[in-house]
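A short worksheet on the structure shown next.
The values are calculated or read from the model by the stated rules, or taken from the named source; none is laboratory data. Computed from a predicted structure; not experimentally measured. Neighbour counts run over all protein chains shown; Cβ positions are idealised from the backbone, glycine included. These area figures cover heavy atoms from the full protein model, side chains too; ligands, DNA and RNA do not enter into them. Shrake-Rupley method; radii C 1.70, N 1.55, O 1.52, S 1.80 Å.
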Amino acid sequence: ETPFISNIGKGKTSSYKTDWLTDSLHAAELNQKAEGADASAHAIGAGTRFENYITISAKWFDISDVLEAADSAGQLGKISYQTAKTLKELSRDMEYNLINEATGSSSGTYKTRGLKYWLNSGATNYGPFTSAATSNLLTEDIFTARQQAVWNQGGKVDFVLAPAAQKKRISSFNGANRLTVNTDMTNKKIVNIVDFIENDFGVARIYIERHIGVDSTNYEWIFYLQKDMWKLLNMLPVKVEKLARIGLGQIVQVSTVYTLRCGTEKANAASQYLYNL
């Protein structure tokens with residue numbers, strides 16, 4: 001349900017705004033020095049400063065004392081059931097926020113900048129489409145071109161988030177004709193699924209992601225990621241609290257505070273305006 005959160009690194013933050021610096025390697029060169037050469041040091045650069053803001057996420061539910069005690073069909077009226085359900089809902093909300101928040105905010109209702117902020121139309125490896133059109137169909141060439149764009153910047157795509165329609169197109173790439181499947185013939189099972197793509201630019205795992213919001217009814221995003229460039233930073237971990245009683249029932253709060261760290265957008269890519277057949 002939450003492949004982005006489940007696959008990226010984890011850490012902590014203690015500020016409303018988290019700042020970090022990114023650095024880069026000097027270009028490879030013919031590093032050949034004379035015997036006894038004097039030292040000649042590279043200047044240390046200032047780096048590039050990035051920042052992100054926290055998000056406060058919370059959900060509540062209210063169970064009456066009578067409903068909690070009643071022997072009703074199922075467990076819908078039990079605090080234990082509603083707690084487990086709400087924890088799942090909060091996790092899905094976090095996944096949705098971390099993917100779809102395209103602006104961010106440092107005041108009022110704090111908003112963490114998500115993938116659509118870091119990998120928007122101004123990013124290095126965005127493309128190839130810049131507006132909506134029914135001809136904007138994902139192809140293997142487009143997929144590989146985004147991998148190559150990341151590779152040209154020094155990164156390596158190993159983790160792809162795709163909506164259902166785009167995941168189906170990936171499974172229909174011509175490369176799927178070269179799949180080798182070992183299975184017992186008595187199973188009589190047809191296999192037509194691609195979870196990994198291996199090509200000149202490495203191996204990438206493809207995850208179907210239900211929480212990528214569409215731009216409009218028929219236009220979607222795909223994210224091509226290097227997962228060690230992302231971290232979920234917790235200011236307050238997920239916690240469950242029973243609030244003070246004010247009547248004949250119990251209000252339960254499930255909450256967390258977090259932000260997203262992007263090591264560098266250059267190690268990642270996105271395609272927008274992909275037509276959803």
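Taking the 1.4 Å solvent-accessible surface of the chain as the whole, the part contributed by carbon and sulfur is 51%. Accessible surface area normalised per residue over the chain is 59 Å², counting heavy atoms of protein chains with a 1.4 Å rolling probe. Remark: the Cα gyration tensor places the chain in the oblate category, a/c being 1.5 or greater and a/b not exceeding b/c.
Specify the longest stretch of the chain that does not include any exposed loop site, a site being one of the GluC sites (Glu not before Pro) with a non-H, G, I, E, B DSSP assignment and at most 14 other Cβ atoms within 10 Å.
By the stated rule (loop sites, at most 14 other Cβ atoms within 10 Å), 36-277.
Residues of region 247-261 with an amide N closer than 19 Å to a point placed 7 Å from the Cα of GLU51 along the Cα-to-Cβ direction: 258-261.
For the chain, excluding the exposed loop sites themselves (trypsin sites (Lys or Arg not before Pro), DSSP loop, at most 10 other Cβ atoms within 10 Å), the longest remaining stretch covers 34-187.
Remark: spin-label model distance GLU68-SER131 equals 5.8 nm, labels positioned 7 Å along the Cα→Cβ axis. Each Cα pair under 8 Å and six or more residues apart adds its sequence gap; the mean of these over the residue count of region 55-121 is a relative contact order of 27 percent. Distance between the pseudo-spin-label points of SER106 and ASN199 (7 Å out from Cα toward the beta carbon): 3.9 nm.
One Cα centroid belongs to region 234-260, the other to region 1-44; the line between them spans 38 Å. Across TRP151, TRP20, the residue with the most accessible area heads the list, and the full order at a 1.4 Å probe is TRP151, TRP20. Computed on the chain, with alpha-carbon pairs under 8 angstrom and 6+ residues apart, the relative contact order is 30 percent. Across region 229-246, coupling constants 3J(HN,Hα) worked out from phi with the 6.51/-1.76/1.60 Karplus curve, θ = phi - 60°, read 8, 10, 9, 8, 9, 9, 8, 10, x, 4, 9, 10, 9, 8, 7, 4, 6, 10 Hz, and Gly and Pro carry x.
Based on the alpha-carbon gyration tensor of region 5-111 and its eigenvalue square roots a ≥ b ≥ c, which shape applies: rounded if a/c is under 1.5, prolate if not and a/b is larger than b/c, or oblate? Cα axes put region 5-111 in the prolate bin. The modelled label-to-label distance between ARG210 and LYS239, using points 7 Å beyond Cα along the C-beta direction, is 3.0 nm.
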